[in-house]
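Colleague: One structure follows; several queries about it will come next.
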Amino acid sequence: MRSLISVRDLTQEEVLSLYESYLWFKKGVLEKLKGRVCLLFLEPSTRTRLSFEVACDNLGLLRSTITQKDSSLMKGESFKDTLITLRELGFDGVIFRLPFVLYPYEELLDLGISLINGGDGTHEHPTQGLIDLFVALDRFKDLKGKRVLYVGDVKYSRVFRSGSYLFKMFGARVGICSPPELSLQEHDCVDEIFYKVDEALPWAHLVIYLRLQRERYKDLVIEEESYFKHFGLTKERYEKIKGFFMHPGPVIRGIDVEPSLVYSEKSLILEQVRAGVFVREAVLTYAFDMLK
Ligand code: CP
């Protein structure tokens, strides 16, 4: 059994093998796995949770789901003790979404239960990073020299932290564009830092819009109307996009993206949603291959 908590633990060979597996699932090939997984979702989720559930069903994995209100973590049990308890109850793996950063996590890797990260605080969202990479590979084939621009709340974004690492792994250049309060001074995966989206958009082949994560910057006041005016995807800015744009969702219409553009010609949002099931089937197969 294998775990996936951070994309930084994957080699390029492993990512390519996941991509191959994703392409097979996309073609409709299905293989069956044996095992029992628990989805432990302590934050809201539509796409990640349901696509993991669909993927488990398609692969024949038994599954149970617990959310924040059902979990004894809320009574003070530690995350490690919860994992040990799930293992003893007969679960082979846990797919989790957490409101906190799971780092460092090395001591959890030896518990004898596979750990799959569906998003932990501001740390990582490896399967969303893989979705964005694979949809980009489907479109561009080769990402060497391609310029990928993240626009919006980069500072608190786990999608950015996983995706930027994967895009760099495949030779892309990564830029960010945010208000200063939501930007990063430096990051090992960032080549360009922009503060004006009208200057940044013509630079990019692929633009990834990110949601303002109001739940994570409680002390910061970002005026949303002004944010949309200065950074949001308006009809004028849409014309400046020379390739495509993505958004991992959920999209906040009228703040991140002008409503009529959400499913427009240059939007890959629905492709990202559809890819979710195939990527999660590939990751579950990577994790539970031994249990076939
Ligand atoms: N992209 C993403 O993680 O969406 P959900 O929060 O709906 O799972």
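Read-outs: derived from the displayed coordinates by stated rules, not from any lab. Values in this document were obtained by computation on a predicted structure and should not be read as measured data. Please note: Cβ atoms are built from the backbone with ideal geometry, for glycine as well, and neighbour counts cover all protein chains shown.
Colleague: Per the Kirkwood treatment, what hydrodynamic radius in Å, one decimal, follows for the range 48-114 from the mean inverse distance over all distinct Cα pairs?
Modeller: For the range 48-114, the Kirkwood estimate is 13.2 Å.
Colleague: Starting from the coordinates of the alpha-carbon atoms of the range 127-268, obtain the Kirkwood hydrodynamic radius over all distinct pairs and give the value in Å to one decimal.
Modeller: Evaluated over the range 127-268, this radius sits at 14.9 Å.
Colleague: Can you list the HN-Hα couplings for the range 57-64, worked out from phi with the Karplus curve (6.51, -1.76, 1.60; θ = phi - 60°), rounded to whole Hz and with x for Gly and Pro?
Modeller: Each residue of the range 57-64 in turn: 4, 4, 8, x, 7, 6, 9, 10 Hz.
Colleague: Do me a favour and compute the ellipsoid semi-axes for the chain from its Cα gyration tensor, root of five times each eigenvalue, largest one first, whole Å.
Modeller: Over the Cα atoms of the chain, the semi-axes work out to 32, 22, 17 Å.
Colleague: If you count, for each residue, the other Cβ atoms within 10 Å and average over each peptide, how do 136-148, 111-123 line up from highest to lowest?
Modeller: Packing order, densest peptide first, comes out as 111-123, 136-148.
Colleague: Assigning unit charges at the beta carbon (Lys, Arg +1; Asp, Glu -1) and nothing else, what dipole magnitude in debye, to the nearest 20, does the chain show about its Cα centre?
Modeller: Its charge dipole is roughly 660 debye.
Colleague: Of the DSSP beta bridges with both residues in the chain, give the percent that are antiparallel, rounding to the nearest 5. Display every interim value, and only then the final one.
Modeller: Details: 1 of 36 bridges.
For the chain, the DSSP antiparallel bridge percentage is about 5.
Colleague: Something else now. Check each of the trypsin sites (Lys or Arg not before Pro) in the range 32-69 and keep only those in coil by DSSP with at most 11 other C-beta atoms within 10 angstrom; list them in order.
Modeller: Lys32
Colleague: Please give the net charge around Leu109, taking every other residue with its beta carbon less than 11 angstrom from that of Leu109, where Lys and Arg add +1 and Asp and Glu add -1.
Modeller: Here the charged neighbours net out to -3.
Colleague: What's the local net charge at Ser260, with K and R +1, D and E -1, over the other residues with C-beta under 12 Å away?
Modeller: Summing Lys and Arg as +1 and Asp and Glu as -1 gives 0.
Colleague: Taking the convex hull of the alpha carbon atoms in the range 57-202, what volume per residue do you get, in Å³?
Modeller: For the range 57-202, the hull spanned by Cα atoms encloses 154 Å³ per residue.
Colleague: Also, quick follow-up: Can you compute 3J(HN,Hα) from phi for each residue in the range 185-197, using the Karplus curve 6.51 cos²θ - 1.76 cosθ + 1.60 with θ = phi - 60°, rounded to whole Hz and x for Gly and Pro?
Modeller: In residue order, the calculated couplings are 5, 7, 7, 5, 10, 10, 9, 9, 10, 10, 10, 10, 5 Hz.
Colleague: Moving on. What is the list of residues in the range 95-116 whose amide nitrogen lies under 14 Å from a point 7 angstrom out from the Cα of Ile84, following Cα to Cβ?
Modeller: 107-113
Colleague: Counting other Cβ atoms within 10 Å, keep those with at most 14, restrict to DSSP loop, and tell me which GluC sites (Glu not before Pro) in the range 53-135 are left.
Modeller: Here the GluC sites (Glu not before Pro) that fit, given the DSSP loop and packing criteria, are Glu77.
Colleague: Take the Cβ-Cβ distance between Tyr263 and Tyr217 as r, set R0 to 30 Å, and report the resulting FRET efficiency rounded to the nearest 0.05.
Modeller: Efficiency computed from Cβ-Cβ geometry: 0.60.
Colleague: Tally Lys and Arg at +1 and Asp and Glu at -1 over the other residues with C-beta under 15 Å from the C-beta of Glu14: what net charge comes out? Don't jump to the answer; show the numbers that get you there.
Modeller: Working: positive: Arg2, Arg8; negative: Asp9, Glu13, Glu20, Asp289.
Summing Lys/Arg as +1 and Asp/Glu as -1 gives -2.
Colleague: If packing is taken as the average count of other Cβ atoms within 10 Å, what order do 172-182, 264-274 fall into, highest mean first? Could you put the intermediate results ahead of the total?
Modeller: Details: 172-182: 20.5, 264-274: 16.5.
Put in order of decreasing packing, that is 172-182, 264-274.
Colleague: When the Karplus curve 6.51 cos²θ - 1.76 cosθ + 1.60 is applied with θ = phi - 60°, which whole-Hz ³J(HN,Hα) does each residue of the range 256-261 get, with x for Gly and Pro?
Modeller: With coefficients 6.51, -1.76 and 1.60, one gets 7, 9, 4, x, 6, 9 Hz.
Colleague: Tell me, what is the FRET efficiency for Asp110 and Glu13 to the nearest 0.05, using R0 = 30 angstrom and their Cβ-Cβ distance as r? Walk me through the intermediate numbers first.
Modeller: Numbers: r = 23 Å, r/R0 = 0.78.
Efficiency, rounded to the nearest 0.05: 0.80.
Colleague: Would you mind checking which residues have amide H under 5 Å from Leu115's amide H? H placed 1.01 Å from N; only 5 or more apart, or other chain.
Modeller: Counting only residues 5 or more places away or on other chains, the set is Ser3, Leu4, Val94.
Colleague: Please list the radius of gyration and Dmax for the range 109-162, considering alpha-carbon atoms only, with Å as the unit.
Modeller: Final numbers for Rg and Dmax: 13.8, 41 Å.
Colleague: What lysines could a cross-link reach from Lys229, if we take a straight Cα to Cα line under 16 Å and drop same-chain neighbours fewer than 8 places away?
Modeller: The reachable lysines, counting only those whose Cα sits under 16 Å from Lys229, are Lys196, Lys240.
Colleague: So how far, in whole Å, is the C-alpha centre of the range 20-40 from the one of the range 238-277?
Modeller: Answer, in whole Å: 26.
Colleague: Can you list the residues, at least 5 places off or on another chain, whose amide H is less than 5 Å from the amide H of Tyr150, using H built in the peptide plane?
Modeller: Gly175, Ile176, Cys177, Ile208
Colleague: Rounded to the nearest 500, what is the 222 nm mean residue ellipticity of the chain from helices alone, with -39500 (n - 2.57) per DSSP H run of 4+ residues and division by all residues?
Modeller: Taken over the chain, the calculation gives -11000 deg cm²/dmol.
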